[in-house]
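The values are calculated or read from the model by the stated rules, or taken from the named source; none is laboratory data. Everything numeric here is computed off the predicted structure, so don't read it as measured data. We place every Cβ from the backbone using ideal geometry, glycine too, and count neighbours over all the protein chains shown.
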Amino acid sequence: MLDAKKIKSIVLDQGADLCGIAPAQRFARAPEGFRPTDIYEKCRSIIVFANALPIQSLFSSNCIPYTFANRMITEKVDRLTFDLCLHFQKSGIHCVPIPSDDPYEYWIETESYGRAILSLRHAGYLAGLGVLGKNTLLINEHFGNMIQLGAVLTDLELEGDPIATYESCAPDCHICLESCPAQALDGQSVAQKLCRPLSTYKTAKGYILKKCNACRKACPNYAGITKKESSIC
């Protein structure tokens, strides 16, 4: 039977930049209905992984490159999720794939508030892949907040990775909150009703564009905890 070390090695060999394991019991404080065992009753461990985005897409004066980068990284992570499930299935391991973005069912129309079936940023935190910033993004020490997360649920009992303890946001830092043109951040959560109209919009031709990334770009740790530039491009 594969252990946690071998599982993570396979995920990295398949193309992930990061991988960690979170035992299902770590999600005990998640809202009812949004825990891994609510999705897959047999789930005992969550394999969480991530791929890096092209950092300089943040600094394009046109939002098309950033939109393109987001679309491609979502497709890449979803494809990896799908392929990993098939790979593990061949070894007799039971897995359930989690989409890296949509679709999801939970929606409050009056608040424009949607919730995925599993919070991947919290899953990433519980798998030791980073810490949550005041902009609500997961921040990894090497890749900063420029990552896209994916996850696979499995019935394997795997050893969990230690939760990250490094600091991402200085107590007196409010750069991301102040940079948000919609004032949608409070340091703990994001008001989706305020964020959505600026973060995405539909063109006359019907394209959905990622128009705003201010909270991500303004973060001093956007490219990593100890650096502002990265060789990932």
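The set of residues in the range 52-105 being more than 16 Å from the chain's Cα centre (by Cα), surrounded by 12 or more Cβ atoms within 10 Å (Cβ to Cβ) and free of Cβ contacts under 8 Å to residues at least 40 places away in the same chain consists of SER57, SER60, PRO65, PHE68, PHE82.
Taking each residue of the range 27-49 that is crowded, with 20+ Cβ neighbours inside 10 Å and looking for partners that are at pLDDT below 95 and part of a strand (DSSP E or B) with beta-carbon atoms closer than 6 Å, six or more apart or interchain, yields nothing.
Pairs meeting the criteria (first residue in the range 161-173 and closer than 30 Å to PRO23 by Cβ, second residue in a loop (DSSP other than H, G, I, E, B) and charged (D, E, K, R), beta carbons under 9 Å, at least 6 apart or on different chains) are ALA164/GLU141; TYR166/GLU141; SER168/LYS134; SER168/GLU141; CYS169/LYS134. With respect to the stated conditions, HIS142 is within 16 Å of PRO54 (Cα to Cα) and in contact (Cβ under 8 Å) with a residue 40 or more places away in the chain. Step by step: first the residues of the range 118-129, then only those that are more than 10 Å from the chain's Cα centre (by Cα) and more than 22 Å from MET72 (Cα to Cα), then the one that is surrounded by the fewest Cβ atoms within 10 Å (Cβ to Cβ). Which residue is that? The residue in question is GLY128. The residues of the range 141-175 that are within 18 Å of the chain's Cα centre (by Cα), crowded, with 16+ Cβ neighbours inside 10 Å and among the hydrophobic types (A, V, I, L, M, F, W, C), listed by number, are PHE143, MET146, ILE147, LEU149, ALA151, VAL152, LEU153, ALA164, CYS169. Applying the criterion of at least 1 residues that are small (Gly, Ala, Ser) and within 16 Å of ASN70 (Cβ to Cβ) to the helices (runs of 4 or more DSSP H) found wholly in the range 122-233 leaves 192-199, 214-218. Of the residues in the range 71-78, at least one is among the hydrophobic types (A, V, I, L, M, F, W, C) and either closer than 21 Å to ALA123 by Cα or in contact with a His (Cβ under 9 Å, 6 or more places away or on another chain) (or both).
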